[in-house]
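So the structure is just underneath, and the comments pick up after that.
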Amino acid sequence: MKLAQLLLLALLMAGCAHHEEQARQTLKPTVYTVNYPLAYFAERLAGDQIEIVFPEMEGDPAFWEPTPEKILEFQNADLILLNGAEYAKWVSSAALPEDRLVNTARGLESQLIALDGSGSHAHASGDAHVHGDVAFTLWLNPELAVHQAKTIYASLSRMVALDDVALIALVADLEKLDADLKEVFQPLEKKPLLGSHPVYQYLAAHYDLNMESVHWEPDSEPDRAMWRELEDILETHKADVMLWEDEPLPSVKKALAQKGIKSVVFNPCGNRPPDGDFLTVMRANVEAVKGL
Ligand SMILES: [Zn+2]
């Protein structure tokens, strides 16, 4: 063989080896999720067999507005886990591949809670956003979270062989959480409660809570109209506890305390927590309610 031919052959072989290396790296399927709870369930179920990606984002993933680059990442995923219940408005306009979408709320249609309009309006001040027609924080009812986890398990099992030990352990954790929440909410059953944001519908329904919600944010001061809305609610709904997604501003907490309303953090955990995981956040919620 002539030198040039040898060189070409060597180059081709190197190219092949490079290709094989790439193929090996991409053998692991990639699954994208639209919120953190779904990512947590998928991570527990898939172990290291699947790359689970929940992109870093600020604020509530339900109201995320992805860049075109991020949408492209989702479009290229092997599978996309959706929350269902019309969650994350960007999903419907992003041209995601239908055959790779998994609605983890499939089968829960009859249990979805319609919003009566109380949470569907946006205020001028603060982080203005609209909640739509259906309540979406399904995972705050652990029974619905189990359904979502099982749907994820079934979908991932079609991509790789999974051990059902992981599913059994996750379901056991969620059932334990359900029992603990039942216990701490039992003394509050049917008593008037307040939600600072319309995200507790499935929690309230599951634990028989009598909750009315305003549309406030933990990191902003409610304006006069928002305080007036609370006053209106209190006229017929004499609550002395308000659930918050995160620690409210000290000034707001104090103003509520002056009305005899105690603030308690019950974090829905839609986004990845800075510390711990879904279960540690839920356990902290249990402790917070227990301390009331
Ligand atoms: Zn909102």
Number of the condition not met by Ala225 [criteria: (1) within 16 Å of the ligand (Cβ to nearest atom); (2) closer than 19 Å to Asn267 by Cα; (3) assigned to a helix (DSSP H, G or I); (4) more than 21 Å from the chain's Cα centre (by Cα)]: (2)
Any hit, segment 94-104, residues being within 16 Å of the ligand (Cβ to nearest atom), touching a Gly at 6+ places or on another chain (Cβ under 8 Å) and either touching a residue at least 24 places away in the same chain (Cβ under 8 Å) or not in a loop (DSSP other than H, G, I, E, B) (or both): no
Ala85 within 16 Å of the ligand (Cβ to nearest atom) and in a helix (DSSP H, G or I): no
Total residues in segment 240-270, condition in contact with a Leu (Cβ under 9 Å, 6 or more places away or on another chain), part of a loop (DSSP other than H, G, I, E, B) and surrounded by fewer than 21 Cβ atoms within 10 Å (Cβ to Cβ): 3
Residue in segment 172-201 that is nearest to the ligand (Cβ to nearest atom), counting only those that are surrounded by 13 or more Cβ atoms within 10 Å (Cβ to Cβ) and aliphatic (A, V, I, L, M): Val199
Identity of the residue in segment 18-69, modelled with pLDDT of 95 or more, of a type in the set (D, E, K, R) and not in a loop (DSSP other than H, G, I, E, B), that ends up farthest from the chain's Cα centre (by Cα): Glu69
Residue in segment 202-222 that is modelled with the highest pLDDT, counting only those that are among the small types (Gly, Ala, Ser) and either more than 20 Å from Gly132 (Cβ to Cβ) or within 12 Å of the ligand (Cβ to nearest atom) (or both): Ser213
Count of segment 127-179 residues which are over 20 Å from the mean Cα position of the chain (by Cα) and of a type in the set (D, E, K, R): 3
Residue count, segment 126-171 (criterion: touching a residue at least 12 places away in the same chain (Cβ under 8 Å), within 16 Å of the ligand (Cβ to nearest atom) and of a type in the set (Gly, Ala, Ser)): 3
Single residue of Ala204, Ala169, Ala161 found to be loosely packed, with under 15 Cβ neighbours inside 10 Å and outside any loop (DSSP other than H, G, I, E, B): Ala169
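The values are calculated or read from the model by the stated rules, or taken from the named source; none is laboratory data. Model, not experiment: these values are computed from the prediction. Note that each Cβ is placed from the backbone with ideal geometry, even for glycine, and that neighbours are counted across all protein chains shown.
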